[in-house]
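What follows is a single structure, written as structure tokens, with notes after it.
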Amino acid sequence: MLWWAMCAFATLVLIVVTALWLHAMRRKSSPVDDVRARQLTLRWLVGGGLLLPTVSVLLLLLFGIPIGHRMLPLPLAGEQPMRIEVVGHQWWWEVRYPDSGVVTANQLHLPVGRPVDLDVTSADVIHSFWVPRLGGKIDMIPGRDNRIRLQADQPGTFRGQCSEFCGTQHTHMILDVQAHEEEDFANWLQARREQQISALPGPAGDTFAAHCGQCHRVAGVSDGARAPDLSDIGARASLGAGVVSNKPGALLHWLQEHQRLKPGNAMPLHDHLDPDHLSAIADWLETLRP
Ligand SMILES: [Cu+2]
């Protein structure tokens, strides 16, 4: 709403200034004496230089301040905002629901019609959290907690994007935001909380434990904390924070080609791993969903 209001106002200013400019170029000027010339100059200075900007800025502030205010994490009476922690990493998003212990990555599930306080920080360099359809951006700074309050008014999928250059794969740091009706959100959270994952059996499971589980967490299976949580990776829209769509088979492709698809990402190559193990791991990961 704020964006459209400012866009409409800026368009109005553009039209008025252009019209005045065309008028000034086309009209035949009649000679005026010094007194009249000073009057005209004063009129433009006071009207166009003082009154017009004062009124414009006041109007925009009257409109913008209440909207901006809603995004400030001020104390609320009644129902308290939900709290979600988001940590920026090169180049992915860690999302934690501290009240339920649920952790996910590169996707943010929100309830509709309820304010949500996002506590954002970074694990490495400065990133910036931004979901343009829901509100302004806020910097994610290592060692510092910033907070922004957002509220989705209708269910849907919104794109979030890191908006502070954070390295070569900054572009590939996309956050998939899903706003759900309150009940659907509660169901999702409960399903995630009660999710039971059985470890991949056999030698492929050993390979996962030795090479993947050191960095990646899978709830109840491994507890690595350096890389994205994989407990619900099968349910995510994309892999690599927006690099490839998570279609059947995409996980194996990602595991084989991730350094070509997203050069410089922290995951080592898997060339030395048994291809059958890699394939079994990919198949197993595809089944991980709440
Ligand atoms: Cu970035």
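The values are calculated or read from the model by the stated rules, or taken from the named source; none is laboratory data. Source: prediction; values computed, not measured. Please note: Cβ atoms are built from the backbone with ideal geometry, for glycine as well, and neighbour counts cover all protein chains shown. Ligands, DNA and RNA are stripped out before the accessible areas are found, and what is left, the full protein with its side chains, is counted by its heavy atoms. Shrake-Rupley method; radii C 1.70, N 1.55, O 1.52, S 1.80 Å.
Can you pull out the residues in the stretch 177-206 that are of a type in the set (Val, Ile, Thr) and modelled with pLDDT of 90 or more? Matches in the stretch 177-206: 177 only. Kindly indicate whether any position in the stretch 57-65 is surrounded by 12 or more Cβ atoms within 10 Å (Cβ to Cβ), more than 30 Å from residue 126 (Cβ to Cβ) and modelled with pLDDT under 90. Yes, there is a match, as at least one residue in the stretch 57-65 is surrounded by 12 or more Cβ atoms within 10 Å (Cβ to Cβ), more than 30 Å from residue 126 (Cβ to Cβ) and modelled with pLDDT under 90.
Flag set for residue 272, criterion: more than 29 Å from residue 100 (Cβ to Cβ) and loosely packed, with under 13 Cβ neighbours inside 10 Å. Scan the stretch 209-224 and give yes if some residue there is open to solvent by 30 Å² or more (accessible area, probe 1.4 Å), touching a residue at least 12 places away in the same chain (Cβ under 8 Å) and assigned to a helix (DSSP H, G or I), otherwise no. Yes; the residues of the stretch 209-224 include at least one that is open to solvent by 30 Å² or more (accessible area, probe 1.4 Å), touching a residue at least 12 places away in the same chain (Cβ under 8 Å) and assigned to a helix (DSSP H, G or I).
Restricting the stretch 152-174 to residues that are within 16 Å of residue 86 (Cβ to Cβ) and either among the small types (Gly, Ala, Ser) or in contact with a helix residue (DSSP H, G or I) (Cβ under 7 Å, 6 or more places away or on another chain) (or both), the residue that is surrounded by the most Cβ atoms within 10 Å (Cβ to Cβ) is 162.
Of all residues being more than 18 Å from residue 145 (Cβ to Cβ) and without any contact (Cβ under 8 Å) to a residue 12 or more places away in the chain in the stretch 60-81, which is nearest to the ligand (Cβ to nearest atom)? Just the residue, please. Only one residue tops the list, namely 69.
Checking each residue in the stretch 4-15 for being open to solvent by less than 80 Å² (accessible area, probe 1.4 Å) and in contact with a helix residue (DSSP H, G or I) (Cβ under 9 Å, 6 or more places away or on another chain) picks out 5, 9, 13. Taking the stretch 29-72 as the region of interest, how many residues are touching a Gly at 6+ places or on another chain (Cβ under 9 Å) and not in a helix (DSSP H, G or I)? Here the count works out to 1.
Within the stretch 1-50, track down each residue that is basic (Lys, Arg) and within 30 Å of residue 62 (Cβ to Cβ). If the condition is that a residue be basic (Lys, Arg) and within 30 Å of residue 62 (Cβ to Cβ), then 43 is the only one that fits. Assess whether residue 238 counts as being open to solvent by 30 Å² or more (accessible area, probe 1.4 Å), touching a strand residue (DSSP E or B) at 6+ places or on another chain (Cβ under 8 Å) and free of Cβ contacts under 8 Å to residues at least 12 places away in the same chain. No: the conditions fail for residue 238.
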